[in-house]
Amino acid sequence: MLVSVVPRLRRGNITRTPPVRQRHSSTSTSGPNHDLIQMLKRYKAEAEASDARNPYKVRAYERAIKAVARMDEPARSGAQVKRLLVSLDTFVRPGMGLGTQYENDTLGGVGDRIAKRIDAFISNVPYDATNPTKSTQNAERSYTSAIADGAANGMAGPRDKGSRSQYIIHALQIVPGIGKQRAEMLYRAGCTSLSDLIKPEFFNLLTPAQQICARFADRLSPTVSLEDAESVHEFVSENISSKYEVILVGDHRRSQPSSEGITLLIAHPFDTELTPPQESYDAIKKPPKPRPTQFFAVGDTFVHFSQNVHNTALFLDVVSPLESRGLVAASFAGGPQRWRGIVRVPERVESGEWEGRAERLNQIKDQQGHYARVGIFFVPKRCQGAARIVLTGDIEFVRDIYSRAHRLGLRFDEYGLWKWIEGEGKWEFLCGESEESIFRELGIDYVHPARRNFTFLSGERPRGRPKKNGVDDQSTVSAASSGRRGEEPGEPAQPGSRKRGRPKKVPLQE
């Protein structure tokens, strides 16, 4: 397995990590530690996406993945992998001869933590990041218990019975859509690895959506980089009708370097009758909580089993063309207003143009390339402002918008702002075409997507001593709250102005 450290690029104030393109063999899921490698890759992606990114931690995960990939038998413990890490650190350094063994001092305690994560994964016990020692003790108890179970049944080792079964059940849950109960059912049926899922006797036990995820299990990354998301966004914009506007939303619009999937908003020009909220306004009751899984979910069904979905504008004008052009690889579910599925991330050739259509289709047929989960929302243009807000998030910011609207006697949802008409006992649509108009009705200034988070809402200031002559970019302090009445913040007191607080004692002149 080839692992490379890629440079971090900057575009404005956004830090981006370009994706690494890797070609996987058809037998990549047959390795003895494939599931463990997938777990390490997931933690590596989380470390790369962290705001406090530690390059040494990312490098440690890369080295752990390389060590595990070289093993010809299942890993038995984190200590075993750690010993391999040391052996891989043999290289030439100034003043050292060839073959000198040197343990990379940049790892520090990270190597120990990775080893404890591996112990917890193998023994299927929760890993407590705040108390790794406790996780290791739990793993050792699970491991010892498995030894006792194996000995009582005449088994050779712990992985033959308890620990082995829990390891497999945990690994099967890596596939999106497969939970613990389904994984246990598959294990009882005889499924022992991800590669077994595509066998007919196990494949038929999965739901249609789970079957799709099982087919692409070793091709789907746990997170999608901003670079990949922008590539998909650009490809979609260029390959559907110009009457549609395509907007990249979700975590990527909030300047996050990666996300679990790609979310696209497509604004269409068709007249659509909006359904007002069902419940009447009640100032005493709390506003309804936003439910992201239910946004634009009217009429959703599994697309392969519904002819009605195939007759919608979303499928005819968007999904079908993208499928024929080699972007859409599989479909989960869809409806008149949203679609969910898997796409192959398009790549450009040396000339800067997209790969040929035939090449993309062949790559999907052979399940080669880099794949990502995508959600597309098909929304009327007069509602795209509200859709941008709810689909950009984060959930705390959206919940705050719901509460602000409720306090003003309004109702906010994914379609826009609604006003309650008391005399007629019904909701009337107020606005929803732009984010600015919605913020204006709620009495707040426009909030940049990168600042839509809990920290901004709570007005929390960074810890530590405030900087001198600095301005906090998370909040704006008014003259009425920070300065004296009639003065600008930081302006010195004018002669004769009244000072607040107890006056200082002045000694009498003799």
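I need every pair where a residue in the stretch 35-60 that is touching a residue at least 24 places away in the same chain (Cβ under 8 Å) and open to solvent by 30 Å² or more (accessible area, probe 1.4 Å) has its Cβ under 7 Å from the Cβ of a residue that is among the basic types (Lys, Arg) and not in a loop (DSSP other than H, G, I, E, B), sequence separation at least 6 or different chains.
What qualifies is Tyr43/Arg117.
Can you name every residue in the stretch 426-468 that is of a type in the set (D, E, K, R), surrounded by fewer than 16 Cβ atoms within 10 Å (Cβ to Cβ), modelled with pLDDT of 65 or more and under 25 Å from the mean Cα position of the chain (by Cα)? Before you say what the answer is, go through the steps one by one.
Here is the first cut: in the stretch 426-468, the residues of a type in the set (D, E, K, R) are 426, 428, 433, 435-436, 440-441, 445, 451-452, 460-461, 463, 465, 467-468.
Okay, now just the ones that are also surrounded by fewer than 16 Cβ atoms within 10 Å (Cβ to Cβ), so 426, 428, 436, 440, 445, 451, 460-461, 463, 465, 467-468.
Still in the running and modelled with pLDDT of 65 or more: 426, 428, 436, 440, 445, 451.
Listed by number, the list holds a single entry, Arg451.
In the stretch 385-410, which residues are over 22 Å from the mean Cα position of the chain (by Cα) and open to solvent by 40 Å² or more (accessible area, probe 1.4 Å)?
Correct list: Arg404, Arg407, Leu408.
Of the residues Leu206, Leu197, Leu226, Leu186, only one is closer than 29 Å to Ser255 by Cα, modelled with pLDDT of 85 or more and surrounded by 15 or more Cβ atoms within 10 Å (Cβ to Cβ); which?
Details: Leu206 fails: closer than 29 Å to Ser255 by Cα; Leu197 fails: closer than 29 Å to Ser255 by Cα; Leu186 fails: closer than 29 Å to Ser255 by Cα.
The conditions single out Leu226.
Residues checked against (1) under 29 Å from the mean Cα position of the chain (by Cα); (2) free of Cβ contacts under 8 Å to residues at least 40 places away in the same chain; (3) part of a loop (DSSP other than H, G, I, E, B):
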site	(1), (2), (3)
Gln256	yes, no, yes
Ala267	yes, no, no
Lys285	no, yes, yes
Val298	yes, yes, yes
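Of everything in the stretch 346-373, what is outside any helix (DSSP H, G or I), open to solvent by 10 Å² or more (accessible area, probe 1.4 Å) and within 30 Å of Phe295 (Cα to Cα)? Give them in sequence order.
The answer is His370, Arg373.
Given the residues Val319, Val343, which is the only one that is part of a strand (DSSP E or B) and either of a type in the set (A, V, I, L, M, F, W, C) or touching a residue at least 24 places away in the same chain (Cβ under 8 Å) (or both)? Steps first, please.
Working: Val319 fails: part of a strand (DSSP E or B).
Being part of a strand (DSSP E or B) and either of a type in the set (A, V, I, L, M, F, W, C) or touching a residue at least 24 places away in the same chain (Cβ under 8 Å) (or both) holds for just one of Val319, Val343, which is Val343.
Go through the stretch 232-283 residue by residue and tally those that are among the basic types (Lys, Arg) and open to solvent by less than 60 Å² (accessible area, probe 1.4 Å).
So in the stretch 232-283, the residues among the basic types (Lys, Arg) come out as 243, 253-254.
Then drop every residue that is not open to solvent by less than 60 Å² (accessible area, probe 1.4 Å), which leaves 253-254.
Qualifying residue count, the stretch 232-283: 2.
The values are calculated or read from the model by the stated rules, or taken from the named source; none is laboratory data. No experiment lies behind these values; they were computed from the predicted model shown. All Cβ positions, glycine included, derive from the backbone under ideal geometry; neighbour counts span all protein chains shown. For the accessible areas, the whole protein counts, side chains as well, though only heavy atoms, and no ligand, DNA or RNA atoms are used. Shrake-Rupley method; radii C 1.70, N 1.55, O 1.52, S 1.80 Å.
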